[in-house]
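The values are calculated or read from the model by the stated rules, or taken from the named source; none is laboratory data. Quantities reported herein were computed from a predicted structural model and do not represent experimental measurements. Counting neighbours? That spans all protein chains shown, and the Cβs are built from the backbone with ideal geometry, glycine included. Heads up: the accessible areas ignore ligands, DNA and RNA and are worked out on the full protein's heavy atoms, side chains in. Shrake-Rupley method; radii C 1.70, N 1.55, O 1.52, S 1.80 Å.
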Amino acid sequence: MRVVRVLRVGAVVGVAFAVMGAAPGAAGPEADLAYHGSVAMTAGQVDVRFTPRNHGPSAVPDATVRLRWSKPLADRQTLPEGCARSGERAVVCRTGALAADEVGERIELRVRLRDASSEVLLELDTVWGGGAVDGNRANDQQRVLVLDTGDSYYF
């Protein structure tokens, strides 16, 4: 069985993350999480907007998505409620409850890279699915190359 670590965001909100996977022979409710949105970068400042979706068939009480950048983030970041720093290059955000075949609340965050760069690779993936088993991991793992042009890149 894998260990789940919990980060505290503020006094009330918790962001949980664990490596996806179940113990051999273990099964849980099935859900299919996906993330769609856009990302843009200007002068080392990266704006990310995305919406989580659960294609079902089961509801998910909460989930955690990880955003990783190929470049280190600046030491100080102002993150929205429900998001927390999870390393030099990563942030985790909770999605909240996701009913089956429903779209969740839009998540928006802005991060600053430690050093200016002409490009950065952003990777999104689910690290905790509220106990649900996701048999289709292809649509909850996104990779987007973002150029420092101010243009929006969609995923």
The conditions are (1) of a type outside the set (Ser, Thr, Tyr); (2) touching a strand residue (DSSP E or B) at 6+ places or on another chain (Cβ under 6 Å); (3) in contact (Cβ under 8 Å) with a residue 40 or more places away in the chain; (4) farther than 16 Å from His55 by Cα, and Val91 fails exactly one of them. Which is it? (3)
If the Cβ limit is 6 Å and pairs must be 6+ apart or interchain, which residue in region 124-153 that is at positive phi pairs with which residue that is modelled with pLDDT under 95 and surrounded by fewer than 16 Cβ atoms within 10 Å (Cβ to Cβ)? Gly131/Gly28
Failed item in (1) surrounded by fewer than 18 Cβ atoms within 10 Å (Cβ to Cβ); (2) farther than 30 Å from Ala27 by Cβ, with His55 passing the rest: (2)
Count of residues meeting criterion [surrounded by 20 or more Cβ atoms within 10 Å (Cβ to Cβ) and within 21 Å of Glu102 (Cα to Cα)] in region 58-70: 4
Can you tell me which of (1) crowded, with 17+ Cβ neighbours inside 10 Å; (2) at pLDDT 95 or above; (3) closer than 17 Å to Val127 by Cα is the one Leu73 doesn't meet? (3)
Tell me which residues, restricted to region 114-130, are over 19 Å from Arg85 (Cβ atoms) and open to solvent by 50 Å² or more (accessible area, probe 1.4 Å). Ala116, Ser118, Glu119
When region 131-147 is examined, which residues are found to be at pLDDT 95 or above, open to solvent by 30 Å² or more (accessible area, probe 1.4 Å) and of a type in the set (A, V, I, L, M)? Leu145, Leu147
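Restricting the search to region 94-113, which residues are closer than 24 Å to Val146 by Cα and either of a type in the set (Asp, Glu) or open to solvent by 50 Å² or more (accessible area, probe 1.4 Å) (or both)? Show your work before the answer.
Step one: list which residues in region 94-113 are closer than 24 Å to Val146 by Cα, which gives 94-95, 105-113.
Hits for region 94-113 are Arg94, Glu105, Arg106, Glu108, Arg110, Arg112.
Looking only at strands (runs of 3 or more DSSP E) that fall completely inside region 75-150, which ones have 3 or more residues that are not basic (Lys, Arg)? Walk me through it before giving the result.
Numbers: elements: 83-85, 90-94, 107-112, 119-128, 141-147.
Fully inside region 75-150 and qualifying: 90-94, 107-112, 119-128, 141-147.
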